[in-house]
1. Would you confirm, using the coordinates I've provided, whether B:Ile105 is touching an Asp or Glu at 6+ places or on another chain (Cβ under 9 Å) and either open to solvent by less than 40 Å² (accessible area, probe 1.4 Å) or more than 10 Å from chain A (Cβ to nearest Cβ) (or both)?
2. Among (1) open to solvent by 10 Å² or more (accessible area, probe 1.4 Å); (2) within 9 Å of another protein chain (Cβ to nearest Cβ); (3) over 18 Å from A:Gly188 (Cβ atoms); (4) not acidic (Asp, Glu), which single condition is B:Met117 missing?
3. Taking the residues in the stretch A:101-133 that are farther than 30 Å from B:Leu29 by Cα and modelled with pLDDT of 90 or more as candidates, determine which candidate is surrounded by the fewest Cβ atoms within 10 Å (Cβ to Cβ).
4. With the requirement that a residue be touching a residue at least 24 places away in the same chain (Cβ under 8 Å) and more than 16 Å from B:Leu152 (Cβ to Cβ), what does the stretch B:14-32 give you?
5. Scan B:Leu38, B:Leu13, B:Leu29 and give me the residue that is open to solvent by 10 Å² or more (accessible area, probe 1.4 Å), at pLDDT below 90 and of a type in the set (A, V, I, L, M).
6. In the stretch A:162-245, which strands (runs of 3 or more DSSP E) lie fully inside it and hold 1 or more residues that are over 14 Å from the mean Cα position of the chain (by Cα), buried (at least 23 other Cβ atoms within 10 Å of the Cβ) and more than 14 Å from chain B (Cβ to nearest Cβ)?
Amino acid sequence: MVKRNKPSFAVLALVLTAVIVLSIPPFRLLFLKRILLPVFHLPLTLVHSVSGLKNNVPNLFFMLRDYNSLKEELDRLKFELNRTEEFRLENERLLKLLELNKIDAPEFTAARVIGKEPSNWLGSLIINRGRKHGLEINQPVMTYSGIIGKIIEVTPRSAKVLLISDVNSRVVVLVQRSRVDGILEGIGKGVCRLKYLPLESDVQLGDRVVTAGMGGVYPKGLVIGTIESIRVERGGIYKSCIVKPTADFKGLEEVLCINSGSVPSASP
Amino acid sequence: MYKLRFRSFRFSLIVLAALIVQASFPDRLSLMGVKPDLILLLVIFYAVHQGSRAGIICGMLLGLAVDSLSAGIVGVNVFCYGMVGLLSGMFKDRVYAGNLFAKIILAVTGTLLAMTMYYLIAGQIHRLPSPGRAVSIVLIAALYTTIVNLLLFDFIERKVVARITTI
């Protein structure tokens, strides 16, 4: 007798999935991610460590050579740091005189990138720090070059970061030189678009774009990128610019999460 | 005479490796900013060897794994991969190692179907790239995934499917 391969129950499950996805609000299904993401945490961390070791061992010779020059650089930077500290204290005193709010340097939690977005549609990262390390949803994430995104999901030992180049990302920003503000949105190709700039606004190629500090997520004044091209939008009402982020999303290995409590206020 | 035996444990290891590669080194795999969908290839592979019902289950499980690693919402890939599993399973016993044409058709249609369905469903819930950019992503991904399928299908088949001689 020929055994027939009946997919009826499986098809039912498939149809049920479609109904669930389209009818239940996405945040109600987030618990599934919180259960499953930790399953991948260990293998992803292991693979990241092994690949890091493979890259680092051949560089040992160069690392030793660089050690001495870096030591000299460190001494010089210590001297610079002392000078900066003097300026900071002076600035604090002057701000008190002007009765403005003190703007603290934010505190960071360092994290390693252990995974990246597997699909072709979105831009995200998985980092090896989570709720147990004090991370929360909406915390800004950056590298020393600039802002890269914000945390959108947190599990006890890992978190997911939505990149600023993702199409779902929106940040209120300022052009650093002219203080023109606008909305920066991701367009999904590793770059962003600065929208809704008035036609008469003063923007030039190479201008730096920084966070405006509005919206309560990103602190004010953090570098995002530089303007690469400018064009007038269809209809001729607004200008828009393509902004190339200063942080290199492809080579990301370590990131800094700005602790929520240390985010300085934008208002004076 | 011989019969085929599917080595599920070996296949599970390959799935785990593919998930880790897809989530750990996507930039190294990408061509013009587009990655091949290794997980989808494994769903197709499993379905053409095990049939529609197993294909749906495999597709749904792997879709859930991809959804959990992705920033997108849970369930869309469960459905899309499940559908590809269902349709690929209909070709059970019709695709064999030497059939180049079937492997190309399965990979192209599977990728086009999964990515188009994802775009149409997830696009109702959150933002996705513009339609023009989406078309280029889908076409490059389909082409790239097909090339990877041609390179990997026979290799995986040799590792996973054993021919047992019967009297």
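The values are calculated or read from the model by the stated rules, or taken from the named source; none is laboratory data. Computed from a prediction, not measured in an experiment: that's the story for all the values here. Here the Cβ positions follow ideal geometry from the backbone for every residue, glycine too, while neighbour counts run over all protein chains shown. Please note that ligands, DNA and RNA were not included when accessible areas were found on the heavy atoms of the full protein model with its side chains. Shrake-Rupley method; radii C 1.70, N 1.55, O 1.52, S 1.80 Å.
1. no
2. With respect to (1) open to solvent by 10 Å² or more (accessible area, probe 1.4 Å); (2) within 9 Å of another protein chain (Cβ to nearest Cβ); (3) over 18 Å from A:Gly188 (Cβ atoms); (4) not acidic (Asp, Glu), B:Met117 is out only on (2).
3. A:Lys132
4. Result: B:Ala23, B:Met32.
5. The conditions single out B:Leu29.
6. In the stretch A:162-245, A:170-175, A:181-186, A:192-198, A:208-211, A:238-245 are the strands (runs of 3 or more DSSP E) which contain 1 or more residues that are over 14 Å from the mean Cα position of the chain (by Cα), buried (at least 23 other Cβ atoms within 10 Å of the Cβ) and more than 14 Å from chain B (Cβ to nearest Cβ).
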